[in-house]
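Asks: Could you have a look at this structure, given as structure tokens, before my questions?
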Amino acid sequence: MIYTDTRDKTVKTDFRTAVMNGMNSKTGGLYIPVSYPKLDSSFINKNPAPTFREIALRMALPYVESEISVNELTGIIEDAYPFSPKIVPLDSITYVLELFHGPTCAFKDFGARFMARVMSYFNRSENGRLHILVATSGDTGSAVGSAFHNVPGLDVTILYPDGKVSLLQEKQLSTFTGNVQALKIQGTFDDCQKLVKTAFTDDELRKTLRLSSANSINIARLLPQSFYYMYSALTVRDRCALDNKIDNPSIVMVVPSGNFGNLTSGLIAREMGAPIEGFVAATNTNRTIPDWIATGNYKARPSIETYANAMDVGAPSNFERIAAMYTLEQVRHLFASYWLDNDGIIKAIKSCYDRTGYIIDPHGSIGWKAWDDIRSGSMENLIGGLSCSYEKPGLTPNIPDWAQKVVGKKSVGILLETADPAKFGSTVSSAIGREPSIPSRLAEVLKLEDHAVPMKNDYQLFKTWLLDNRHK
Ligand SMILES: *Cc1c(COP(=O)(O)O)cnc(C)c1O
């Protein structure tokens, strides 16, 4: 596969370069493959549907071909995914796609674990260890730390702001031993990010340490997220014969979104032939993308804190990829968009629980409410000419191509549940009056000893620490 750049289509490079560089520092653009090869229809129409790992291998192959052998790739996938996504029906036309069964209980495990193993593979033919620096305000750091833990040839240093992450988040960042170390910085998240950025531009440091980053714009985090879209669409299509008897259902993916990496992966799966008819872009008050779809103006803005805090993104980095793949008009044919404020999030968690008994997390709750509104009148109202304001919570005024099918009861919704509700226990309990049960791997981490090294917000201290503590 050849990879190009969102800002300069004359750029042509290979997978290895795209992964190891993360982004193109010359243009500031993001890497994207030049094409999205369709899977064979015999594979897509297999009955019963292929397993998650079969799908992962098929979908990954064209993007790594000639750079990673089938054998190596099979090993990477087996090692990355000892867990699978789960599909839970809520009612006859609503399915939850649970993406939180990995080690850190959030969907980012799917991308981060694949990326870690691909980087380790490419690093084998380099001289020396690769050192990943990551600044985090919470969730990304734990997924990256966990994904790289004990992966050969790689070291990770996580920087997080002291006193500004939750107890559970801190435990998920600070209790690693071996090749993953954490520094708790006496400062803000922005201070942490600045220390990392300064390190990347420090030529003297880079003579001794080979540095890399692991942020969410890396193409090796995006591609593997497409696997579960294909898997869930094929599996749900099979189940419909029993669950609702809808022939050839129109499948709508409802995606709680922040940086829009997850939704972009869904677009890749659709391009590769997944039977997905459309998407709902569901956000919190950080409604940059719903506003863009409604008005045609893309306006990045500072982020606003919400209960769905992993989606507190005012300048979604993958907008650039979506805009490189589709025109605004095409997006409007494919997407509905929907947003909720904090009050709406609490009500949505409660209504999901009251009506179905399912405990949903604050991020997933926006998807639940979006789908519930869309299928029970909001979309019909839009088609009927009733206007709605994009500045108010709820559905924004855009009628996608699949709208008529939802109204005609020919659609099913797959709601992506991006985190275990136990990670947001206090918000969930304020909505439904009880705490979600804690999975054992979260309970275990709470018992582990904290190994984070406290550090002043000072670049010289940070640099000296990196040099003194490096693994050889
Ligand atoms: C990161 C995250 C999101 C947002 O995903 P994007 O790919 O940034 O859109 C949603 N929910 C949870 C729990 C997350 O951790």
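Asks: Would you say Asn259 is within 16 Å of the ligand (Cβ to nearest atom), open to solvent by 10 Å² or more (accessible area, probe 1.4 Å) and under 28 Å from Gly344 (Cβ atoms)?
Replies: yes
Asks: Additional query: Tell me which residues, restricted to segment 400-417, are open to solvent by 10 Å² or more (accessible area, probe 1.4 Å) and part of a loop (DSSP other than H, G, I, E, B).
Replies: Answer for segment 400-417, where residues must be open to solvent by 10 Å² or more (accessible area, probe 1.4 Å) and part of a loop (DSSP other than H, G, I, E, B): Asp401, Gly408, Lys409, Lys410.
Asks: Same structure, new question: Any idea which of Asp190, Asp139, Asp202 is farther than 26 Å from Ser440 by Cα, touching a residue at least 40 places away in the same chain (Cβ under 8 Å) and of a type in the set (D, E, K, R)?
Replies: Asp202
Asks: Still on this model: Working only within segment 55-67, note down all residues that are within 21 Å of Ala18 (Cα to Cα) and surrounded by 21 or more Cβ atoms within 10 Å (Cβ to Cβ).
Replies: Scanning segment 55-67 gives Ala56, Met59, Ala60, Tyr63, Val64.
Asks: Now for a different question. Among the listed residues Ile293, Ile268, which satisfies the condition of being touching a strand residue (DSSP E or B) at 6+ places or on another chain (Cβ under 7 Å) and open to solvent by less than 50 Å² (accessible area, probe 1.4 Å)?
Replies: The unique qualifying residue is Ile293.
Asks: What's the total number of residues in segment 290-325 that are touching a Phe, Trp or Tyr at 6+ places or on another chain (Cβ under 9 Å), over 20 Å from Ser265 (Cα atoms) and either assigned to a loop (DSSP other than H, G, I, E, B) or within 11 Å of the ligand (Cβ to nearest atom) (or both)?
Replies: Counting residues in segment 290-325 that are touching a Phe, Trp or Tyr at 6+ places or on another chain (Cβ under 9 Å), over 20 Å from Ser265 (Cα atoms) and either assigned to a loop (DSSP other than H, G, I, E, B) or within 11 Å of the ligand (Cβ to nearest atom) (or both) gives 6.
Each row is one residue, and each column tells you yes or no for (1) more than 26 Å from Lys423 (Cα to Cα); (2) part of a loop (DSSP other than H, G, I, E, B); (3) at pLDDT below 95.
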site	(1), (2), (3)
Lys350	no, no, no
Asp354	no, no, no
Tyr358	no, yes, no
Arg375	yes, no, no
Glu391	yes, yes, yes
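Every residue, every condition in (1) within 16 Å of the ligand (Cβ to nearest atom); (2) of a type in the set (Lys, Arg); (3) more than 26 Å from Ser426 (Cβ to Cβ); (4) out of contact with any helix residue (DSSP H, G or I) (no Cβ under 7 Å at 6 or more places or on another chain), yes or no:
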| residue | (1), (2), (3), (4) |
| --- | --- |
| Lys108 | yes, yes, no, no |
| His131 | no, no, yes, yes |
| Ser137 | yes, no, no, no |
| Pro152 | no, no, yes, no |
| Gln186 | no, no, no, yes |
| Ala199 | no, no, yes, no |
| Thr208 | no, no, yes, no |
| Leu211 | no, no, yes, no |
| Ser216 | yes, no, no, no |
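Asks: I'd like to verify a number: residues in segment 407-435 that are closer than 23 Å to Tyr229 by Cβ and either within 13 Å of the ligand (Cβ to nearest atom) or under 26 Å from the mean Cα position of the chain (by Cα) (or both), how many?
Replies: Residues that pass the stated criteria total 12.
Asks: Does segment 1-34 hold any residues that are open to solvent by 30 Å² or more (accessible area, probe 1.4 Å), within 20 Å of Gly111 (Cα to Cα) and at pLDDT 95 or above, and which are they?
Replies: Met1, Asp14, Arg16
Asks: Residues that are among the basic types (Lys, Arg): list the helices (runs of 4 or more DSSP H) wholly contained in segment 1-119 that include at least 2 such residues.
Replies: 52-64
Asks: For segment 238-253, check the following and say yes or no: at least one residue is within 13 Å of the ligand (Cβ to nearest atom) and either acidic (Asp, Glu) or open to solvent by less than 10 Å² (accessible area, probe 1.4 Å) (or both).
Replies: yes
Asks: Something else: Would you say Tyr121 is among the aromatic types (Phe, Trp, Tyr), free of Cβ contacts under 8 Å to residues at least 40 places away in the same chain and either more than 16 Å from Ala452 (Cα to Cα) or surrounded by fewer than 23 Cβ atoms within 10 Å (Cβ to Cβ) (or both)?
Replies: Considered against the rule, which asks whether it is among the aromatic types (Phe, Trp, Tyr), free of Cβ contacts under 8 Å to residues at least 40 places away in the same chain and either more than 16 Å from Ala452 (Cα to Cα) or surrounded by fewer than 23 Cβ atoms within 10 Å (Cβ to Cβ) (or both), Tyr121 comes out as no.
Asks: In this structure, is Glu78 touching a residue at least 24 places away in the same chain (Cβ under 8 Å), open to solvent by 40 Å² or more (accessible area, probe 1.4 Å) and either of a type in the set (D, E, K, R) or touching a Gly at 6+ places or on another chain (Cβ under 7 Å) (or both)?
Replies: In short, yes.
A quick yes/no check of all residues on (1) within 13 Å of the ligand (Cβ to nearest atom); (2) under 19 Å from Pro37 (Cβ atoms):
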residue	(1), (2)
Tyr231	no, yes
Gly266	yes, yes
Ile276	no, yes
Thr288	yes, no
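Asks: Could you figure out which of (1) more than 26 Å from Ala282 (Cα to Cα); (2) touching a residue at least 60 places away in the same chain (Cβ under 8 Å); (3) open to solvent by less than 50 Å² (accessible area, probe 1.4 Å); (4) out of contact with any Lys or Arg (no Cβ under 8 Å at 6 or more places or on another chain) isn't true of Val445?
Replies: Against the list (1) more than 26 Å from Ala282 (Cα to Cα); (2) touching a residue at least 60 places away in the same chain (Cβ under 8 Å); (3) open to solvent by less than 50 Å² (accessible area, probe 1.4 Å); (4) out of contact with any Lys or Arg (no Cβ under 8 Å at 6 or more places or on another chain), Val445 comes up short only on (4).
So that you can scan it fast, the table gives a plain yes or no per residue for (1) in contact with a helix residue (DSSP H, G or I) (Cβ under 7 Å, 6 or more places away or on another chain); (2) over 27 Å from Gly367 (Cα atoms); (3) away from the ligand (no atom under 16 Å from the Cβ); (4) open to solvent by less than 30 Å² (accessible area, probe 1.4 Å):
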position	(1), (2), (3), (4)
Gly128	no, yes, yes, no
Ala143	yes, no, no, yes
Phe148	yes, yes, yes, yes
Ser174	no, yes, yes, yes
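The values are calculated or read from the model by the stated rules, or taken from the named source; none is laboratory data. From a predicted model like this one, the values you see are computed outputs, not experimental measurements. Quick reminder, even Gly has a Cβ in these numbers, built from the backbone with ideal geometry, and neighbours come from all protein chains shown. When the accessible area is computed, the model is the full protein with side chains, heavy atoms only, and any ligands, DNA or RNA have been set aside. Shrake-Rupley method; radii C 1.70, N 1.55, O 1.52, S 1.80 Å.
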